[in-house]
């Protein structure tokens, strides 16, 4: 049973993104959820499925109580870190297609700049059990330290350079300057990237995503119900998740440069009946610049090892061949576990993206990258 074009993203919502929020993660999550529900033209009573994202917000039952959901028919968790929000779309689509529920709310809230840093939080997750036992004692605590060897391996194998990673950082910052709800508002150049301090070789400060506070949410409904809802339909044409070889230990993989999205992308493209050449805009999970480059390779936009050359020459900028992260991404808008990528893709396909609008866009994708390389991809079209 194919999920192609069976569901649509019908509502989107975001809070203001900031650092040093004074409200709890749950408050931020609820604000975004209410905005997404209202954007869909629904009332909270009509929500009958909830998938909360991340470890900082409220569980489904608490969200249902606070929102006034009358009957929660479906709840789930998709514990894949940054790939969770895209994996949740697949989960919601399956539940809706099976007739279990009608409208699924997917929501996250984060207040992390006033709480524990990322390195402390991620080791609470069960998928980090082996990392905590074998790599943490050697000093691999934070995500930058865990993923840096993957990027360094890519450099050694294929000649990828720090300047090429910098192209991605500069592109995302340029797009963020067009977004009123982006945290980073100062332009940067490639020279700024190269001058930023080293965090974990080869990652410099400007290769790393933000620690930020806020909430984001969206609603998934059946494609038929979406015909009569408030906005032009944004159909989910292809959806898949994939997990890398040796999924719980990066250093034990036969190829450290191959991510889970390499397995997911062929299935998603086949489901949608399109190819990478058909994609007009891409919101690619960007916890680190190298993760964008590697996903471009693994999805088939270029061959393995050619990502460095592919990202140069303005190809990823608005007006280029493949505009990427038109909202600024995790690198420059906010780190909202990738939900902001879905929100931006929906805006693009509704033709509501303001100054960052890709003209005439009809087809795009969003990806997620999980904690140890899990991958998920959603291909969406205006319909």
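All of the numbers you see were taken from the coordinates with simple rules; none came from a lab. The shown structure was predicted, so the numbers you read here are calculated from the model rather than taken from an experiment. Every residue, glycine as well, gets a Cβ built from its backbone with ideal geometry; the counts of neighbours run over all protein chains shown.
Please report the base-10 log of the normalised intensity I(q)/I(0) for the chain, using a Debye sum with one equal scatterer per alpha carbon and no solvent, at each q in 0.07, 0.10, 0.11 (1/Å).
Reported log10 I(q)/I(0), two decimals: -0.27, -0.56, -0.69.
Stokes-Einstein diffusion coefficient for segment 168-279 at 37 °C in a medium of 0.692 mPa s, Rh from the Kirkwood formula over Cα pairs: what value in µm²/s? Intermediate values should be presented prior to the final figure.
Values: Rh = 18.3 Å.
In µm²/s, the coefficient is 179.
Output the Kirkwood hydrodynamic radius of segment 207-344, Cα pairs only, in Å rounded to one decimal.
Values: mean 1/r = 0.0605 Å⁻¹.
Result for segment 207-344, one decimal place: 16.5 Å.
Shape of segment 266-383 from its Cα gyration tensor (a ≥ b ≥ c, root eigenvalues): rounded if a/c is under 1.5, otherwise prolate when a/b > b/c, or oblate?
rounded
Among 344-355, 285-296, how do they line up by average Cβ neighbours within 10 Å per residue, starting with the highest? Before the final figure, lay out the partial values.
On the way: 344-355: 20.0, 285-296: 27.9.
Per-residue mean Cβ counts within 10 Å order the peptides as 285-296, 344-355.
Treating the angle as unsigned and between 0 and 90°, give the value, to the nearest 10°, between the Cα long axis of helix 143-158 and the longest Cα principal axis of the chain.
Result, in degrees: 60.
Compute the acute angle (0 to 90°) between the alpha-carbon long axis of helix 261-272 and the principal axis of greatest extent of the alpha-carbon atoms of the chain; round to the nearest 10°.
Orientation of helix 261-272: about 40 degrees from the principal axis.
Please list log₁₀ I(q)/I(0) at q = 0.23, 0.28, 0.30 Å⁻¹ for segment 343-382, using the Debye equation with identical point scatterers on the alpha-carbon positions.
Result of the Debye calculation: -0.70, -0.87, -0.95.
How would you order 318-325, 23-30, 210-217, 190-197 from highest to lowest mean count of nearby Cβ atoms within 10 Å? Walk me through the intermediate numbers first.
Numbers: 318-325: 19.0, 23-30: 21.5, 210-217: 27.0, 190-197: 14.2.
So the peptides 318-325, 23-30, 210-217, 190-197, ranked by packing, come out 210-217, 23-30, 318-325, 190-197.
Which three extents, in whole angstrom, do the alpha-carbon atoms of segment 191-236 cover along their principal axes, largest first?
Extents along the principal axes, in whole Å: 52, 21, 17.
Pulled fully out, how much extra length does the chain show between residue 304 and residue 252, if you take 0.36 nm times their separation in residues and subtract their Cα-Cα distance? Working shown, then result.
Values: separation 52, 0.36 × 52 = 18.72 nm, distance 1.99 nm.
Value of the extension gain: 16.7 nm.
Under the definition of Cα pairs under 8 Å and six or more residues apart, what whole-number percent is the relative contact order of the chain?
Values: 938 pairs, mean separation 98.9, N = 383.
This gives 26 percent for the chain.
Relative contact order for segment 221-306: what percent, with Cα pairs under 8 Å and sequence separation of 6 or more?
Numbers: 75 pairs, mean separation 21.2, N = 86.
It comes to 25 percent, rounded to a whole number.
What share of the DSSP beta bridges in the chain is antiparallel, in percent to the nearest 5? Intermediate results must be reported in sequence, preceding the final value.
Numbers: 35 of 45 bridges.
About 80 percent, rounded to the nearest 5.
Mean residue ellipticity at 222 nm from the helices of the chain, using -39,500 (n - 2.57) per DSSP H segment of n ≥ 4 over the full residue count, to the nearest 500 deg cm²/dmol?
Details: 14 runs with 132 residues, N = 383.
Taken over the chain, the calculation gives -10000 deg cm²/dmol.
May I ask you to derive the FRET efficiency for residue 94 and residue 270 from their Cβ-Cβ distance with R0 = 22 Å, giving the value to the nearest 0.05?
Details: r = 17 Å, r/R0 = 0.78.
My answer for the efficiency is 0.80.
Could you state the number of Å between the C-alpha centres of segment 285-319 and segment 145-166?
First find each Cα centre; the distance between them is then 12 Å.
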